[in-house]
Amino acid sequence: MSLEAQTTVVVADPGSVLGALLEHLKSHDLNHVDQGDGSVLIPIDEDSRILVSQAPQTLTFAVSAPSPNKLFVFKEGVVRHLEELAPEAAASIRWSDNPQTEGANDDIRPPNFHLLQLSGKREIFPGMLRLTFDCKTAASLQKDGIHVKLMLPSDAARAPQWPHVASNGATLWPKDEDELHVRYYTLKDVRADLTEVDIDIVRHQGGMIADWAERAVAGDSIGLMGPGGGERVPQECQSVLLAADETALPALAHLLGTLPKTCTGHVVTALPEASLDYFPETTLPITCLDSKDFPEKVEGSLKALAGDCAPDFCWFAGEHDNAQSLRKVFKQEFGLGKGRQYAISYWKRGLSGDAKGTA
């Protein structure tokens, strides 16, 4: 069942604003279909879309999505894009599915916000800590993606002030002394029947969330926003090369679980060989590199393995410099185009804060 929301805003030059919006969306690889009646359809994914209609002095946005999470994200996307092009129009937005309250409402949380309460933690292999949380809204985390934002007060001495929803449907984040520290992580497992969520975090000093994970005890709370994102291997792919350092092991585990059964190829990972049961069962050979050597050896390993399997899909996630270098390899040396290669930066060496969160 699809959920829908609609808004109409007044703008002085609807055609100009719509044209600028469509040009901007192209940079995000989003195309549109001219409906022939002055309206355009923007397909977001296979089950979500935005229909934009123009009249002499108005633009109407009709958003359709399969879940409250996705509907909220796409509505907020409309607001954020309009803020750049027509700020007054963006501020005036009122959505058909929202209570018509004015101003900020501290009682209305974004539908993709979840409050987690720690119920257990354990080291599942050296350097990786698994946090298990109680989450009353766990069922809604089982779809729409695998990546989430974890958040804590930047000032640990202050009580958390969580995000809330503005009257135009956008998220209002706490500011100044109540600002939140936010980092991306990956859901490892969601057990909705038990209202439990597992998130794995690389053990390291100096990251606010990693340090919190070390000292947290049962009953401590943390905020979560999401989920969203998560790459999939196209079903027609026959040969793959997949690689991940320790920060991307949960995402690699998820990707392996979605592989077409006919796939061949190789996996290069920083997972200790003794802990390969962290991954779902796979027929792909797995090369395990020591985490200390991984940044220097991963590119050479992938190039050597490519000679054996001629990959038609490549995926890497990990440190920023590795991702930058491998993106060029995938595109220029392996000849893989859009949708056939991903090289994703999960952290950056030397960056303070939470440079080694598990994303």
Which residue pairs have Cβ atoms closer than 8 Å, lie 6 or more positions apart in sequence or on different chains, and pair a first residue in the stretch 277-304 that is of a type in the set (Lys, Arg) with a second residue that is assigned to a helix (DSSP H, G or I) and open to solvent by less than 50 Å² (accessible area, probe 1.4 Å)? Lys303/Val329
Hey, Pro174 part of a loop (DSSP other than H, G, I, E, B), touching a strand residue (DSSP E or B) at 6+ places or on another chain (Cβ under 8 Å), at pLDDT below 95 and open to solvent by 10 Å² or more (accessible area, probe 1.4 Å) or not: no
Going through the stretch 177-189 one residue at a time, which ones are more than 16 Å from the chain's Cα centre (by Cα) and either among the hydrophobic types (A, V, I, L, M, F, W, C) or open to solvent by less than 10 Å² (accessible area, probe 1.4 Å) (or both)? Leu180
Hey, can you tell me all the residues within the stretch 197-207 that are part of a strand (DSSP E or B) and either open to solvent by 50 Å² or more (accessible area, probe 1.4 Å) or more than 20 Å from Ala138 (Cβ to Cβ) (or both)? Val202, Gly207
Select from the stretch 138-171 the residues that are part of a loop (DSSP other than H, G, I, E, B) and either among the hydrophobic types (A, V, I, L, M, F, W, C) or within 14 Å of Leu116 (Cβ to Cβ) (or both) and list them in ascending order. Ile146, Ala156, Ala157, Ala159, Pro160, Trp162, Ala166, Ala170
Starting from the stretch 142-155, take each residue that is free of Cβ contacts under 8 Å to residues at least 40 places away in the same chain and list its partners that are crowded, with 17+ Cβ neighbours inside 10 Å, counting only C-beta distances under 9 angstrom and pairs at least six apart or across chains. Pro153/Pro174; Pro153/Leu180; Pro153/His181
List the number of the failed condition for Ala156; all other conditions in (1) open to solvent by 50 Å² or more (accessible area, probe 1.4 Å); (2) touching a Lys or Arg at 6+ places or on another chain (Cβ under 7 Å); (3) of a type in the set (Gly, Ala, Ser) hold. (2)
Selection count, the stretch 208-224, where residues are buried (at least 22 other Cβ atoms within 10 Å of the Cβ) and out of contact with any Cys (no Cβ under 8 Å at 6 or more places or on another chain): 2
Can you confirm whether the stretch 34-54 contains a residue that is in a loop (DSSP other than H, G, I, E, B), at positive phi and in contact (Cβ under 8 Å) with a residue 40 or more places away in the chain? no
Looking at the structure I just gave you, is Leu302 in a helix (DSSP H, G or I) and either among the β-branched types (Val, Ile, Thr) or more than 23 Å from Asp200 (Cβ to Cβ) (or both)? yes
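Output the residues belonging to the stretch 69-91 that are open to solvent by less than 20 Å² (accessible area, probe 1.4 Å) and more than 15 Å from Thr8 (Cα to Cα). First the steps, then the outcome.
Of all residues in the stretch 69-91, those open to solvent by less than 20 Å² (accessible area, probe 1.4 Å) come to 69, 71-72, 75, 78-79, 82, 86, 89-90.
Residues satisfying the conditions are Asn69, Leu71, Phe72.
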In the stretch 307-328, which residue that is in contact with an Asp or Glu (Cβ under 8 Å, 6 or more places away or on another chain) and part of a helix (DSSP H, G or I) is most open to solvent (accessible area, probe 1.4 Å)? Ser325
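The values are calculated or read from the model by the stated rules, or taken from the named source; none is laboratory data. From a predicted model like this one, the values you see are computed outputs, not experimental measurements. All Cβ positions, even for glycine, are placed from backbone atoms using ideal geometry, and neighbour counts span all protein chains on display. The area values use the complete protein model at the heavy-atom level, side chains included, leaving out ligands, DNA and RNA. Shrake-Rupley method; radii C 1.70, N 1.55, O 1.52, S 1.80 Å.
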